[in-house]
């Protein structure tokens, strides 16, 4: 396995510590007020990247509690690193009240990845041979044959407003992203390894794509992308943070004009449908989503191809198909192309004990 996780908390659990609650209310229904701060340590081990360590802090502000279970302001801070260089440095903010009547999202992130997955283009048509990355095979090319190095700085601002039609709203967004791509830093990745453990660095799939001009030389090391987004949103969720029921469907068009980027103009459309069905009220929810995305004009830079252009970020990245953010159980970025369609589903069960809340997500994929 590429990663072996150290269990600091229960499998797929999120422990939230509650502060500033009212004790005068019945214990059956505790209404949160003021600031409620969630914190979780990040501890994991990757045999290639080293030990991951860090912290996630997720404050919620409910004011006098009149809007509970919906919050007034939500903040998210994450600082985590691997001992060999990769890391996530992220601040995310969301509020419906900073601009009256408009749901505002802001994201500021710096992401580094010393082993960012790259399997080529056109999904299943790109050959994946596991023996090329398994040491001991005659065809062994190196553990990082299917990897690149990526460093990305991103600023993203999203707005969502309502229309006169119930549950129907509009979407507008702008994003700036500066990406630096290269072959993996083998000096760093081989640091501390003995001679027989050192990873071959003479060739990667990325190198071959550059040499074959499948990745143009002008794009090979990344660039600056600024894009704008607009669309429509239908949202009938009962609780935004963790819905029990409702529909969340959106259709957006993303355009990157050449005068704001280092690349030619391009456009992408995305339709995402999410549905939440309550099986046991306040306890068990069935959730599923289906996503269709297509390029509508221009040539999209190769390092933007994995992006899933939904309205807002629900994690540090929104890429696929493959990986925890899109299709668990499939290699990250395994399927990349100009048109994609996929879906997944899960059961979500909530266990609430006094003021300690754990949310366990049971995956059925």
- Query: How many residues does the range 182-198 contain that are in contact (Cβ under 8 Å) with a residue 60 or more places away in the chain and crowded, with 18+ Cβ neighbours inside 10 Å?
  - Reply: 2
- Message: Of everything in the range 69-94, what is farther than 18 Å from residue 316 by Cα and either in contact with a strand residue (DSSP E or B) (Cβ under 6 Å, 6 or more places away or on another chain) or crowded, with 19+ Cβ neighbours inside 10 Å (or both)? Give them in sequence order.
- Response: 71, 72, 73, 83, 84
- Note on the structure: Reported set for the range 266-290 where residues are surrounded by fewer than 16 Cβ atoms within 10 Å (Cβ to Cβ), farther than 23 Å from residue 300 by Cα and under 19 Å from the mean Cα position of the chain (by Cα) is 288
- Task: Could you please find all residues in the range 95-122 being farther than 21 Å from residue 241 by Cβ and surrounded by fewer than 16 Cβ atoms within 10 Å (Cβ to Cβ)?
- Result: 110, 122
- Message: Tally up the residues in the range 209-225 that are buried (at least 17 other Cβ atoms within 10 Å of the Cβ), closer than 27 Å to residue 155 by Cβ and either without any contact (Cβ under 8 Å) to a residue 12 or more places away in the chain or in contact with a strand residue (DSSP E or B) (Cβ under 6 Å, 6 or more places away or on another chain) (or both), please.
- Response: 2
- So how many residues does the range 44-68 have that are within 25 Å of residue 313 (Cα to Cα) and free of Cβ contacts under 8 Å to residues at least 24 places away in the same chain? 2
- Task: Would you point out the residue of the range 120-164, among those that are outside any strand (DSSP E or B), at pLDDT 90 or above and touching a strand residue (DSSP E or B) at 6+ places or on another chain (Cβ under 9 Å), that is nearest to residue 92 (Cα to Cα)?
- Result: 163
- Message: Looking at (1) more than 23 Å from residue 334 (Cα to Cα); (2) at pLDDT below 90, which one does residue 255 not meet, given that it meets all the others?
- Response: (2)
- Of the residues 258, 294, which is surrounded by fewer than 19 Cβ atoms within 10 Å (Cβ to Cβ) and out of contact with any strand residue (DSSP E or B) (no Cβ under 7 Å at 6 or more places or on another chain)? 258
- Message: I want to confirm something. Restricting to the range 200-216 and keeping residues that are outside any helix (DSSP H, G or I) and modelled with pLDDT of 90 or more, which single residue is farthest from residue 181 (Cα to Cα)?
- Response: 212
- Task: For the range 240-255, enumerate the residues that are out of contact with any strand residue (DSSP E or B) (no Cβ under 6 Å at 6 or more places or on another chain) and surrounded by 15 or more Cβ atoms within 10 Å (Cβ to Cβ).
- Result: 240, 242
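The values are calculated or read from the model by the stated rules, or taken from the named source; none is laboratory data. Predicted model, so just to flag it, every value in this text is computed and none were measured. When we count neighbours, we look across all protein chains shown, and the Cβ atoms used for this are built from the backbone with ideal geometry, even at glycine.
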